[in-house]
Amino acid sequence: MREMSAREALRVGENFAAHVAAIIVGAALMVAGLGMGVTVILLPVGVPLGLVGLGAFCWGIWGFGEARRRREAGPPS
C-alpha cells in the first residue's frame, strides 16, 4: 500500500468538505422550501427550492459523478 501524497490528501479533504457543505445547504434549502410551501402564496417558489435542496442533499450523501471521474482518470500510476 502506498502513502498518500499531499496533493491527494488535499483533494480528499476538499471533496469531503464539499460534500458536508452540500448536505448542510441542501437540508437548509429543503426546510426553507417546506416553510414556503405551507403558505399558498409562496408555494410556486417553495417547491422548486425544496427540490433543489433535495438534489444538493442527495449529491452530498451519494456524490453523483465521482465514479465517472475516477473511471475517466484511469488506474493509479
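Within the stretch 60-69, identify whether any single residue is surrounded by 14 or more Cβ atoms within 10 Å (Cβ to Cβ) and assigned to a helix (DSSP H, G or I), and answer yes or no. Yes: the stretch 60-69 contains one or more residues that are surrounded by 14 or more Cβ atoms within 10 Å (Cβ to Cβ) and assigned to a helix (DSSP H, G or I).
Checking each residue in the stretch 1-52 for being of a type in the set (Val, Ile, Thr) and either modelled with pLDDT of 95 or more or within 22 Å of the chain's Cα centre (by Cα) (or both) picks out 12, 20, 23, 24, 25, 31, 45, 47, 52.
The values are calculated or read from the model by the stated rules, or taken from the named source; none is laboratory data. Since the model is a prediction, treat every value here as computed from it, not as a measurement. Note that each Cβ is placed from the backbone with ideal geometry, even for glycine, and that neighbours are counted across all protein chains shown.
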